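Please treat every number below as a calculation from the coordinates, not as lab data. Since this is a predicted model, take the numbers as computed values, not measurements. Using ideal geometry, Cβ is built from the backbone for each residue, glycine included, and neighbour counts are taken over all protein chains shown.
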Amino acid sequence: MFIDDKQTSDKIAFGFSGSEAENQAAENIVVLKLYHGSDRVRQIEDILFPGPRLTCDFGDGFYLTESIRVAEEWVAREADPVLNIYEFSASKDEILFLTDEAWLRVVVGFRTGKYNVFLKSPVVRGIIANDRMDISLPFFLRGEIGDKRLFRCLDYCKLGNQYLLRKSVKYLCNHTYKPLKGTELQQAEKRREARRRGMEDQLQKIRRQPVTGEKFIDDYLADGDFYEV
């Protein structure tokens, strides 16, 4: 389905008025609107899980974001940008919510390939650190900043969270899409450039402010050859 109205709400709200057990079950369900920028329309039935993409943040699978603005900025560089929009629903028990050091250990493992990472959950959620949008993670991977300064940079970026569907698209429904063009495309390009300039300025400030108790890339690599979460 094609849409041309501006989608601004990330969360889809539902009302529940059943029994207490039903309400408790409903509270255990995460229901969101998620976005995927691409150079083409990605119908749910056409989404394929490609070969190993082990250098991606959380490994192989289909990535989406909670933020429509970030998705627009990410895809604005494509020749024919398309914003794919999906409704997502999954039990909290099926989602691995990665934060802080656990998030970084997963990302370091997949980005460097220096140790194996085993993810037990079919869906993974964590901060976006894609190189097209973020510039701070490469500095950490090169040993130029520690983890605390990296987290400060990522917090400043406010890129939000990404979701990875590792094996199945059964969590998605009601796909719509819209080409990104005209004024919306120009605005997305301007936001992306402004965000990047802000990140560069912030990173330079943070690099000059050493923090005690930081862990560096070598500390993460020295912790073993296997990480399970």
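In a shell of Cβ-Cβ distance under 14 Å around E73, excluding E73 itself, what net charge do Lys and Arg (+1) and Asp and Glu (-1) give?
+2
Label-point separation (nm) for Q43 and F216, each offset 7 Å from Cα along Cα-to-Cβ?
Going from the Q43 label point to the F216 one covers 5.3 nm.
Residue separation times 0.36 nm, minus the C-alpha to C-alpha distance between T99 and F118: what's the value?
5.2 nm
Residue by residue, what Karplus-based ³J(HN,Hα) values in Hz, rounded to whole numbers, does segment 35-48 have, using 6.51, -1.76 and 1.60 with θ = phi - 60° and x for Gly and Pro?
10, 9, x, 7, 8, 7, 6, 10, 4, 4, 5, 9, 6, 10
If you place +1 on the Cβ of every Lys and Arg and -1 on the Cβ of every Asp and Glu, how big does the dipole about the Cα centre of segment 150-229 come out, in debye to the nearest 20?
Numbers: 17 positive and 12 negative charges, 135 e Å.
So the magnitude is around 640 debye.
For the chain, just say rounded, prolate or oblate: build the C-alpha gyration tensor, square-root its eigenvalues into a ≥ b ≥ c, call rounded for a/c under 1.5, and beyond that prolate if a/b exceeds b/c, oblate if not. Walk me through the numbers before you get to the answer.
Values: a/c = 1.74, a/b = 1.25, b/c = 1.40.
Oblate, because a/c is 1.5 or more while a/b does not exceed b/c.
Rounding to the nearest 20 debye, state how big the charge dipole of the chain is about its Cα centre with +1 on each Lys and Arg Cβ and -1 on each Asp and Glu Cβ. Provide the component values of the computation, followed by the final result.
Details: 35 positive and 37 negative charges, 143 e Å.
Roughly 680 debye, rounded to the nearest 20.
What 222 nm value per residue comes from the helices of the chain, counting each DSSP H run with n ≥ 4 as -39,500 (n - 2.57) and dividing by all residues, nearest 500 deg cm²/dmol?
The per-residue figure over the chain is -10000 deg cm²/dmol.
Just name one of V107, C56, L159: the one whose Cα is farthest towards the positive end of the charge dipole of segment 20-228 (beta-carbon charges, Lys/Arg +1, Asp/Glu -1).
L159
Treating cross-link reach as a plain straight distance, find the lysines whose alpha-carbon is under 16 Å from the alpha-carbon of K170, omitting any fewer than eight places away in the same chain.
Within the straight-line limit of under 16 Å, K170 reaches these lysines: K33, K92.
Of Q209, I44, P81, which is farthest towards the positive pole of the chain's charge dipole, taken about the Cα centre with +1 and -1 on the beta-carbons of Lys, Arg and Asp, Glu respectively?
It is Q209.
Cα centroids of segment 106-128 and segment 202-229: how far apart, whole angstrom?
A separation of 16 Å, based on Cα centres.
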